[in-house]
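The values are calculated or read from the model by the stated rules, or taken from the named source; none is laboratory data. For clarity, every value in this text was computed on a predicted model and none was experimentally measured. Ideal geometry is used to build each Cβ from the backbone, glycine not excepted, and the neighbour counts take in all protein chains shown. Note: accessible area is taken over every heavy atom of the protein model, side chains too, but ligands, DNA and RNA are not part of it. Shrake-Rupley method; radii C 1.70, N 1.55, O 1.52, S 1.80 Å.
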Amino acid sequence: MAAYTIGVDFGTLAVRALVAEVATGRELGTASVEYPHAVMTRQLPDGTALGKDWALQHPQDYVDCLRFVMHEAVRKAVIDPKEVVGLGLDFTASTTIPVDQNGNPICLTPEYQSNPFAWPMLWKHHAAQKYADRMTEIAQERNEAFLQRCGGRISSELMLPRLWQIAVEAPDVYEAADRFVEAGDWIIQQMTGSDACSVNVTSYKLFWDEEHGYPDKSFLAALDERLIHVTDKLGKRLLPLGSKAGEINEYGAELTGLLPGTAVSVTCVDAHACLPAAGVVEDGMMALILGTSGAHLVLNEAEHRVPGLLCMAKDGMIPGFYAYEAGQSCCGDHFKWLVDHFVSHEYEEEAAQKGMGVHELLTQKAAKLKPGENGLIVLDWWNGNRSVLMDSELSGMMLGLTLQTRPEEIYRALIEATAYGTRAIIENFEAHGVPIREVRVCGGIARKNPLLMQIYADVLNRSLRVVKSREATALGSAIFAAVAAGCYADISQASCTMGGTDDDVYVPGSSNADIYNELYREYLALHDCFGRGENNVMHRLRELARQQKKRNV
């Protein structure tokens, strides 16, 4: 009998499921659905207003969307659920859910439904930045070892700054929460009744490591007395990727359509799941994941201190390697922002007449431009800078605009900016002892936009391979599920069979690469001027905006 696994990818805006054949990696059926509540940045469902830099989600969306994609993917794959031997999932992280003693999100109770602090905080919730900054200062003063694993600066995208924010600004929520759980762990606990948590997520989002565990109580006390016992509210049974978290229970069977007893692997950070799908299982390989944000994951056999990282952990992604993570807080979101808010009706009509979307039209027009022809340089910080500056208070900038500037010129400049940001990350890795010999690119953008891929190859001056799966994160989760179900001895073996890249390679053009070298130097000059303290105007503008918003409340 054939055997299949299912990978479920919980992204920022939608959930995707993929059915894969264990013996080959062949993809039989996929399904996706957007969250009904999307990302809540302005108000809660009951109308409660949110502050600046908030990003929340609705936990019921996770359950309802999981139910839909599971049944739909199995239907499309035309398989019998009894042939499914394992289920794996990945999730945006850190996405933090306060839950009660029964594991139920406290935001769903009448008492806390109007309290923003009780709702799941999505990875791009940046309202805890001041706590992350103060946490960095104290960790530096104490020379905390874990600080080196996150590049010397703590990001507001991690869980601990959010917990500090909750403890200070909503102490009733902090006390009411029996535990704070990563959303991926929470979904698995619902389906299996298991209390297992992921080493992968905990290592990268909560400073945990096998030798030291969580940050010690003396550090937590130095932050705030209220945090001394915060680790009591965190996961205790931690399992590595490829492990079986538990088995589908009766509720899980009703929810997913799978048989009780089906193996469920521990959850993974969504971007990290791309590694086995990409075949990135060797020293010096990088997986570049291009989605709403960007992630840059590198394997190395040794430990190095690399400033500007999001995090690094031993055995955190692929056993036997130190896995380094950097990233960009805004990638595809750039392009969506432009199309949603600044493209004229003229362009929408032209796209409709040509039977294409506005993104496709802008790409077509931008492809006719030569490097440098748009006269623009962009700093790609629309959602702050994750690496290498690690400063969510930074904001975007566009230099060179004139009355003749067209939308396609801006569109191309945004693509170029994200490529420059990626080059800065790669150069930072290599300057600190982490060489990168091969880059493999994942994500829907990589497969749908050849112009973007060619610009990246030219800017990076590197050949790039695209991962063959259109749903690399979901496939990666299906690979973890195959290991958890005992179909493969380890992740590397499963990856060699079920993952891989296309035969096509994007090769840099020498003349374009030369021009982009010049433009990149200009990008770096602006990057350092506005990002390294020479001119803190971006910080001042954001603070002024916060003050004015408070006055208007």
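Quick check for you: with a 1.4 Å probe and neighbouring chains kept, what is the accessible area per residue of region 1-43, in Å²?
So region 1-43 comes to 42 Å² accessible per residue, rounded to a whole number.
Measuring r between the beta carbons of Arg26 and Arg551 and using R0 = 45 Å, the FRET efficiency lands at 0.15. The spacing between region 514-536 and region 302-325, judged by their C-alpha centroids, is 27 Å.
Return the calculated 222 nm mean residue ellipticity for the chain, to the nearest 500 deg cm²/dmol, obtained by summing -39500 (n - 2.57) across DSSP H runs with n ≥ 4 and dividing by the residue count. Intermediate values should be presented prior to the final figure.
Numbers: 20 runs with 219 residues, N = 553.
Calculated at 222 nm, the ellipticity per residue is -12000 deg cm²/dmol.
Only lysines eight or more places from Lys233 in sequence, or on another chain, were considered; those with a Cα closer than 21 Å are Lys205, Lys217. With each label modelled as a point 7 angstrom along the Cα→C-beta vector, the Glu430-Glu210 pair spans 3.1 nm. Distance between the pseudo-spin-label points of Glu534 and Lys370 (7 Å out from Cα toward the beta carbon): 2.9 nm. Taking label positions 7 Å along the Cα-Cβ direction at both Arg142 and Gln113, the computed distance is 4.0 nm, reported to one decimal. When both region 419-440 and region 116-158 are represented by their alpha-carbon centers, they are found 24 Å apart. Along region 273-284 the Karplus relation, 6.51 cos²θ - 1.76 cosθ + 1.60 evaluated at θ = phi - 60°, assigns HN-Hα couplings of 5, 6, 4, x, 5, 7, x, 8, 9, 10, 4, x Hz to successive residues, with x for each Gly and Pro. When you restrict to C-alpha pairs under 8 Å that are six or more residues apart and normalise by the size of the chain, the relative contact order lands at 16 percent. Once the chain from Asp283 to Asp64 is taken as fully extended at 0.36 nm per residue, the excess over their C-alpha distance is 74.9 nm.
Considering only Cα-Cα distances, which of the following residue pairs are longer than 24 Å: Lys124/Lys365; Lys130/Lys314; Lys124/Lys336?
Lys124/Lys365; Lys130/Lys314
Beyond 31 Å in Cα-Cα separation lie the following of the pairs Lys76/Lys370; Lys52/Lys368; Lys354/Lys468: Lys76/Lys370; Lys52/Lys368.
Note on Rg and Dmax of the Cα atoms in Å: of the candidates [x] 22.6, 67; [y] 23.6, 85; [z] 23.9, 76, the value calculated from this structure sits at [x].
What's the magnitude of the charge dipole for region 1-145 around its Cα centre, counting Lys and Arg as +1 and Asp and Glu as -1 at the beta-carbon? Answer in Debye, nearest 20.
200 debye
Hey, can you find the accessible area per residue of region 152-250 for me, probe 1.4 Å, expressed in square angstrom?
Using a 1.4 Å probe on heavy atoms only, each residue of region 152-250 averages 34 Å².
Taking all protein chains in place and a 1.4 Å probe, what share, in percent, of the accessible surface of the chain do carbon and sulfur account for? Percent of accessible area from carbon and sulfur atoms in the chain: 48.
Among the trypsin sites (Lys or Arg not before Pro) in region 200-291, those placed in a DSSP loop whose Cβ has at most 16 other Cβ atoms within 10 Å are Lys236.
Sparsely packed loop sites in region 264-351 (the trypsin sites (Lys or Arg not before Pro) outside DSSP H, G, I, E and B with at most 15 other Cβ atoms within 10 Å) comprise Arg305. Stretched out straight at 0.36 nm per residue, the stretch from Arg437 to Glu518 would grow longer than its current Cα-Cα span by 26.8 nm.
In the context of the full set of protein chains, residues of region 385-448 present 35 Å² of accessible surface per residue (probe radius 1.4 Å, heavy atoms only).
Qualifying trypsin sites (Lys or Arg not before Pro) in region 423-530, where qualification requires a DSSP coil assignment and no more than 10 other C-beta atoms within 10 Å, comprise Arg437.
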